[in-house]
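S.K.: Input: one structure, supplied below.
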Amino acid sequence: MESHIGEHDYAKLLQAQSHIWNHIFSFINSMSLKCAVDLGIPDVIHNYGQPMPLSKLIASLSIRPSKTCFIYRLMRILIHSNFFSEQNVTEKNELEVEYVLTDASILLLKDNPFSMTPFLNAMLDPILTKPWYDLSAWLENDDPTPFEKKHGMALWDYAGHHPNLNHFFNDAMACDAPFVSSVLIEKYKETFKGFESLVDVGGGTGDVAKAIASSFPQLECVVFDLPHVVTGSQGSDNLKYVGGNMFEAIPPTDVILLKWMLHDWNDEKCVKILKKCREAITSKGKYVGKVIIIDIVISENEKRGDKSLETQLFFDMLMMVLVSGRERNEKEWAKLIFSSGFSHYKITPVLGLRSIIELYP
């Protein structure tokens, strides 16, 4: 390729160069955000109760005096990424920056019931980030996933042998349970009308099932997951924890909930899970049992560059690297559903990047 650059191509070259640099350095956004969360910056600003001057923020952080000059630069990139906003005030004839939270950083407060901090901590932990370095080598060998190439066993087996990973992974999966629960309870209360039982398959810590059991006392709820996941969990009058293997059998029930777990598995495994779900569904009178899936339905009609679509594709790559799963568009979901013996389905996109998918025998 000739090195001479024509005047017409000069601007395109600079734009392409900038585009590549931006993607090379995209990790800086997530690592800077992790640093701010590790330092407790969102909570410090929130607890201050008003726009917080840089000097006050620095004084509130447990950092070395020689490192105070770097906080402004950390905050500057996070402001650019819309995690904080700033305003300038005059203090004794000098301008000083003051910081306030944005909607995004409010979701990183530790006491926020919708806090995403556990998810951030899990996804950016070295256990889950190191497999990305093996992505290209994995494509050249027979390992099932990059995670298995790096750690020598599947993610679920690794979690069973390492309590720390099991703990923070369960916390990560549960961190949006309050929001999902509120949507199901407030907007879809008719979904549970007439039913007497529900099984949350792969329910982890059971936060969603707890909320449903509390709001619908007529439902006998079961959190069904691997034994090492549910061991030690405490139930209630209409909630219990059961250990088992969803590929072998699922407890009989009127309603099965599959929250954000089918994307963990390839098509063959998903069909096996859904067939076990169909076998477990009971029907009483006019109330026919069903399966409720909460998962991503890729929006392929979105414009290229759309941030929502990009995030859905990020999740798809995440499933490829960590487990053997994938995200699916509606056509791919329909293939799974009908291959599992269900007669029809309904998709309701009410959870941002995710949708509620109801399956009927």
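S.K.: Any residue at all in segment 144-156 that is assigned by the TED database to the domain that holds TYR72 and among the acidic types (Asp, Glu)?
M.R.: For segment 144-156, residues assigned by the TED database to the domain that holds TYR72 and among the acidic types (Asp, Glu): absent.
S.K.: Taking the residues in segment 109-124 that are outside any helix (DSSP H, G or I) and either modelled with pLDDT of 95 or more or under 14 Å from the mean Cα position of the chain (by Cα) (or both) as candidates, determine which candidate is surrounded by the fewest Cβ atoms within 10 Å (Cβ to Cβ).
M.R.: Top of the filtered list is PHE114.
S.K.: Any chance you could count how many residues in segment 219-248 are over 23 Å from the mean Cα position of the chain (by Cα), in a loop (DSSP other than H, G, I, E, B) and over 22 Å from VAL271 (Cα atoms)?
M.R.: Qualifying residue count for the region: 7.
S.K.: Tell me, which helices (runs of 4 or more DSSP H) lie completely within segment 49-108 with 1 or more residues that are farther than 20 Å from ASN29 by Cα?
M.R.: 54-60
S.K.: Please count how many residues of segment 12-33 are assigned to a loop (DSSP other than H, G, I, E, B) and of a type in the set (S, T, N, Q).
M.R.: Result for segment 12-33: 1.
S.K.: Out of the residues in segment 331-351 that are of a type in the set (A, V, I, L, M) and without any contact (Cβ under 8 Å) to a residue 60 or more places away in the chain, state the one that is nearest to GLU268 (Cα to Cα).
M.R.: ALA334
Here's the yes/no breakdown for (1) closer than 29 Å to ALA174 by Cβ; (2) modelled with pLDDT of 95 or more; (3) not assigned by the TED database to the domain that holds ALA211:
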position	(1), (2), (3)
SER18	no, no, yes
LEU33	yes, yes, yes
SER62	yes, no, yes
CYS69	no, no, yes
ILE79	no, yes, yes
PHE84	yes, yes, yes
ASN88	no, no, yes
GLU91	no, no, yes
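S.K.: Is it true that ALA209 is among the small types (Gly, Ala, Ser), touching a Leu at 6+ places or on another chain (Cβ under 9 Å) and surrounded by 18 or more Cβ atoms within 10 Å (Cβ to Cβ)?
M.R.: yes
S.K.: Residue pairs, Cβ under 8 Å, 6 or more apart or interchain, first in segment 165-185 and farther than 26 Å from PRO126 by Cβ and touching a residue at least 40 places away in the same chain (Cβ under 8 Å), second outside any helix (DSSP H, G or I) and of a type in the set (Lys, Arg). List them.
M.R.: From residues that are farther than 26 Å from PRO126 by Cβ and touching a residue at least 40 places away in the same chain (Cβ under 8 Å), the pairs are VAL180/LYS259.
S.K.: Do we find that GLY243 is within 30 Å of HIS151 (Cβ to Cβ), touching a Leu at 6+ places or on another chain (Cβ under 7 Å) and surrounded by fewer than 20 Cβ atoms within 10 Å (Cβ to Cβ) in this structure?
M.R.: Answer is yes for this residue.
S.K.: Among the candidates LEU57, LEU39, which residue alone is surrounded by 12 or more Cβ atoms within 10 Å (Cβ to Cβ), closer than 29 Å to LEU128 by Cα, out of contact with any Ser or Thr (no Cβ under 6 Å at 6 or more places or on another chain) and not small (Gly, Ala, Ser)?
M.R.: Going through LEU57, LEU39 in turn, just one is surrounded by 12 or more Cβ atoms within 10 Å (Cβ to Cβ), closer than 29 Å to LEU128 by Cα, out of contact with any Ser or Thr (no Cβ under 6 Å at 6 or more places or on another chain) and not small (Gly, Ala, Ser): LEU39.
S.K.: Out of the residues in segment 137-173 that are surrounded by fewer than 18 Cβ atoms within 10 Å (Cβ to Cβ) and of a type in the set (A, V, I, L, M), which is farthest from ASP200 (Cα to Cα)?
M.R.: Applying the filter and picking the extreme gives ALA137.
S.K.: Could you please let me know if ALA137 is in contact (Cβ under 8 Å) with a residue 24 or more places away in the chain, small (Gly, Ala, Ser), under 21 Å from VAL323 (Cα atoms) and part of a helix (DSSP H, G or I)?
M.R.: no
S.K.: Taking MET246, is it touching a residue at least 12 places away in the same chain (Cβ under 8 Å) and either aromatic (Phe, Trp, Tyr) or closer than 30 Å to LEU107 by Cβ (or both)?
M.R.: Criteria not met by MET246.
S.K.: Here's a check for you: in segment 262-299, which residue that is small (Gly, Ala, Ser) and farther than 26 Å from LEU353 by Cβ is modelled with the lowest pLDDT?
M.R.: Restricting to residues being small (Gly, Ala, Ser) and farther than 26 Å from LEU353 by Cβ, the top hit is GLY285.
S.K.: Identify, please: which residue in segment 336-349 is of a type in the set (A, V, I, L, M, F, W, C) and out of contact with any strand residue (DSSP E or B) (no Cβ under 6 Å at 6 or more places or on another chain) and is, among those, farthest from ARG326 (Cα to Cα)?
M.R.: PHE338
The values are calculated or read from the model by the stated rules, or taken from the named source; none is laboratory data. Here the structure is a predicted model, which is why all the values come from computation and not from measurement. Here Cβ is always computed from backbone atoms with ideal geometry, including for glycine, and neighbour counts include all displayed protein chains.
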